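Please read the structure below before turning to the comments.
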Amino acid sequence: MRKTLLMTAAALAAGVISSQAQNAVYSQNIVGYVNTPVSTTAQGGVYYLAAPFSVTGTSIATGALETNTADLLFSTNIPTGTVIYEWNGSGLSTYLFDDTDPNSWGSSVPAQYQQYGNNGLNIWWYLGDDATPTNVPYLPPGFGFILSPAGNLTNVWAGTVAVNVGNTNTTKFNTANLGNTFYVGCPIPYGGRLDGYQIATNSSNQVYANGGANLQPPAGTTIYQYGPAPGHPTAGYLYAYLYDNTDPNGWGSAVPAQYQQYCLNGIINGTNVTWYLGDDATPTNPPVNVPGGAFVMSPGGNFNWTVGL
């Protein structure tokens, strides 16, 4: 199956790792970039995101070498007042960006807070009170977060894919952790269908590959994606999708023609229609986008999600 990658298949300009097998030479690393426009008006000014790449560099906020901190991912694009939310198992942790020195400390930052700034200065991240300094949010690939921008911006995500060519990434989900609620995104920047398969129309049985996210969790798993409300792009809407491979409609091999596009891998059978709307009756397939493919998941049981290049 040909996998569709929304990234550039270019070797790293520096520090590239090359492998050689059967006289073939290729880069184990893939780099790329994605432009993401966000605004305060579209879909209610709220975005579910996940970093599509791994980025390492010197943190503007702390002056230290960091990986996938918010300031590396967004550079200087973050408008003052922007909020990032992370799920902590019982609620959302709030990180507010403010580079205006809201406490008017100047160069007299209290000793207990100097760890949050560059050489004790330039403290830019605070708790929701916009007064208590905190760490720069850490946003690794596959980790979903909510962004509420304080202004319009187009962010350019640029970095290295978190998995080398020929390898896989496995994320383990345990229903006993984090209140059985997980904010996640595909750790590899695939686009297409979340299950990773696309079949032809009912008039043929040709298989088309479109994406490789390969999310096939236990039956009863529900995921939620946030996006523009139907017919009202300035409003936000939470879309619910339910995974069920038990053929809840009892179709067997007689899947109605209009729903055969949702069968896995071109095999027409009710058990291969696995994603439904919240009614557990209407087939669908949740999309995966880059980097807006983050979603909230409540698994129906413990499972591993393995995806690779």
What tally of residues in the range 42-81 results from selecting those that are under 30 Å from Gly231 (Cβ atoms), outside any strand (DSSP E or B), at pLDDT 90 or above and not aliphatic (A, V, I, L, M)? 5
Tally of residues being touching a Ser or Thr at 6+ places or on another chain (Cβ under 8 Å) and crowded, with 20+ Cβ neighbours inside 10 Å across the range 63-82: 5
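What residue, of Gly300, Gly252, is without any contact (Cβ under 8 Å) to a residue 24 or more places away in the chain and either among the hydrophobic types (A, V, I, L, M, F, W, C) or not in a helix (DSSP H, G or I) (or both)? Steps first, please.
Working: Gly300 fails: without any contact (Cβ under 8 Å) to a residue 24 or more places away in the chain.
The conditions single out Gly252.
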Counting only residues that are in contact with a Gly (Cβ under 7 Å, 6 or more places away or on another chain) and β-branched (Val, Ile, Thr), which one in the range 250-295 is surrounded by the most Cβ atoms within 10 Å (Cβ to Cβ)? Val288
Go through the range 98-118 and give me each residue that's β-branched (Val, Ile, Thr) and out of contact with any strand residue (DSSP E or B) (no Cβ under 9 Å at 6 or more places or on another chain). Thr100
Being surrounded by fewer than 21 Cβ atoms within 10 Å (Cβ to Cβ) and farther than 22 Å from Ser298 by Cβ is true for just one of Asn174, Asn180, Asn119. Which residue is that? Asn119
Among the residues of the range 132-167 satisfying the criterion of being of a type in the set (A, V, I, L, M, F, W, C) and farther than 23 Å from Val46 by Cα, which is modelled with the lowest pLDDT? Val165
Out of everything in the range 83-101 that is modelled with pLDDT of 95 or more and of a type in the set (Ser, Thr, Tyr), what residue ends up being surrounded by the most Cβ atoms within 10 Å (Cβ to Cβ)? Tyr95
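Look through Leu215, Leu264, Leu309, Leu277 and report the one residue that is touching a helix residue (DSSP H, G or I) at 6+ places or on another chain (Cβ under 7 Å) and either at pLDDT below 95 or farther than 30 Å from Ala162 by Cα (or both). Working first, answer last.
Values: Leu215 fails: touching a helix residue (DSSP H, G or I) at 6+ places or on another chain (Cβ under 7 Å); Leu309 fails: touching a helix residue (DSSP H, G or I) at 6+ places or on another chain (Cβ under 7 Å); Leu277 fails: touching a helix residue (DSSP H, G or I) at 6+ places or on another chain (Cβ under 7 Å).
Residue meeting the stated conditions: Leu264.
If you scan the range 268-297, which residues turn out to be in contact (Cβ under 8 Å) with a residue 60 or more places away in the chain, under 14 Å from Asn245 (Cβ atoms) and assigned to a loop (DSSP other than H, G, I, E, B)? Steps first, please.
Of the residues in the range 268-297, the ones in contact (Cβ under 8 Å) with a residue 60 or more places away in the chain are 268, 274-275, 285-297.
If we keep only those that are under 14 Å from Asn245 (Cβ atoms) too, we end up with 274-275, 285.
Within the range 268-297, Thr274, Asn285 meet the criteria.
The values are calculated or read from the model by the stated rules, or taken from the named source; none is laboratory data. Keep in mind that what you see is a predicted model, and the values were worked out from it rather than measured. All Cβ positions, glycine included, derive from the backbone under ideal geometry; neighbour counts span all protein chains shown.
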